[in-house]
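Below is one structure, written out as structure tokens, with a few remarks after it.
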Amino acid sequence: MKTIAPDAARALLDQGALLVDIRDADEHARERIPGACSVPLPQLDGAPQLARPGNRVVLFHCRSGLRTQAHASALETAANGCEAYIVEGGLDAWKRAGLPVAADAGAPLELNRQVQIAVGSLLLLGTVLAALASPWFLLLTSFLGAGLLFAGLSGFCGMALLLARMPWNRRWRAPAG
């Protein structure tokens with residue numbers, strides 16, 4: 001799949017191209033390219049936004065360009081025969097090019113960052129408590145390490161599911177299905 005520089009992508013958008021943000025809904029809520037439609041990667045199959053007859057050009061982007069590159073063949077399939085491009089460098093390159101970005105500072109941090117903060121805090125707490133109170137607190141750090149290993153190997157993160165249900169994340173959670 002071809003890549004396109006942010007400035008050239010902007011020119012295509014001005015001519016009516018469709019811009020698709022494949023990041024998760026919480027990432028899109030926090031910061032996005034104006035006019036981009038949010039279709040998270042797992043929901044791309046059969047996305048009605050991509051099947052409109054008038055769409056001749058579809059542009060895909062993520063934050064850095066890595067996700068779009070890694071899933072280029074799936075994105076090309078989702079483009080349904082339209083001319084498709086990956087925005088080179090994603091949202092980060094778009095911002096470096098000085099192009100407009102919409103941000104919602106009231107939106108919660110991205111879910112993966114919330115997981116990193118929660119796990120890091122609990123690991124630090126468990127380590128301090130093990131050093132000061134009881135070595136049994138090392139079980140907490142072991143449990144968290146095992147959870148991270150499992151999440152990395154399986155793609156399932158229980159901490160992310162738990163955090164997604166927290167009140168501060170409910171407004172931005174993507175609809176099921």
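The values are calculated or read from the model by the stated rules, or taken from the named source; none is laboratory data. Because the structure is a prediction, the values reported are computed rather than measured. Ideal geometry is used to build each Cβ from the backbone, glycine not excepted, and the neighbour counts take in all protein chains shown. Please note that ligands, DNA and RNA were not included when accessible areas were found on the heavy atoms of the full protein model with its side chains. Shrake-Rupley method; radii C 1.70, N 1.55, O 1.52, S 1.80 Å.
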*Restricting to the range 27-37, what's the tally of residues that are closer than 23 Å to ASN80 by Cβ and open to solvent by less than 40 Å² (accessible area, probe 1.4 Å)?*
4
*Note down all Cβ pairs under 9 Å where the first residue falls in the range 155-167 and is among the charged types (D, E, K, R), the second is modelled with pLDDT under 90, and they're at least six residues apart or on different chains.*
ARG165/ARG173
*Among the residues of the range 135-146, is there at least one that is loosely packed, with under 13 Cβ neighbours inside 10 Å, without any contact (Cβ under 8 Å) to a residue 60 or more places away in the chain and closer than 28 Å to ARG30 by Cα?*
no
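Evaluate the following for ALA93: is it touching a helix residue (DSSP H, G or I) at 6+ places or on another chain (Cβ under 6 Å) and either hydrophobic (A, V, I, L, M, F, W, C) or on the phi > 0 side of the Ramachandran plot (or both)?
Working: touching a helix residue (DSSP H, G or I) at 6+ places or on another chain (Cβ under 6 Å): yes; either hydrophobic (A, V, I, L, M, F, W, C) or on the phi > 0 side of the Ramachandran plot (or both): yes.
It is true that ALA93 is touching a helix residue (DSSP H, G or I) at 6+ places or on another chain (Cβ under 6 Å) and either hydrophobic (A, V, I, L, M, F, W, C) or on the phi > 0 side of the Ramachandran plot (or both).
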_Can you report the number of residues in the range 1-26 which are charged (D, E, K, R), more than 17 Å from ASN80 (Cα to Cα) and open to solvent by less than 20 Å² (accessible area, probe 1.4 Å)?_
1
*What is the one condition in (1) open to solvent by 80 Å² or more (accessible area, probe 1.4 Å); (2) touching a helix residue (DSSP H, G or I) at 6+ places or on another chain (Cβ under 9 Å); (3) not acidic (Asp, Glu) that THR77 does not satisfy?*
(2)
*Considering only the range 72-110, how many residues are touching a Leu at 6+ places or on another chain (Cβ under 6 Å) and within 15 Å of PRO40 (Cβ to Cβ)?*
1
*Would the range 102-110 turn up any residue that is crowded, with 21+ Cβ neighbours inside 10 Å and out of contact with any Asp or Glu (no Cβ under 8 Å at 6 or more places or on another chain)?*
no
_Exclusive hit being more than 23 Å from LEU44 (Cβ to Cβ) and either open to solvent by 60 Å² or more (accessible area, probe 1.4 Å) or out of contact with any strand residue (DSSP E or B) (no Cβ under 7 Å at 6 or more places or on another chain) (or both), set LEU122, LEU66_ = LEU122
_Just the residues that are at pLDDT below 95, at negative phi and assigned to a loop (DSSP other than H, G, I, E, B), please, taken from the range 133-177._
PHE156, CYS157, ARG165, MET166, ARG171, TRP172, ARG173, ALA174, PRO175, ALA176
*Just give me the residues in the range 125-134 being open to solvent by less than 60 Å² (accessible area, probe 1.4 Å) and touching a helix residue (DSSP H, G or I) at 6+ places or on another chain (Cβ under 8 Å), in sequence order.*
GLY126, LEU129, ALA130
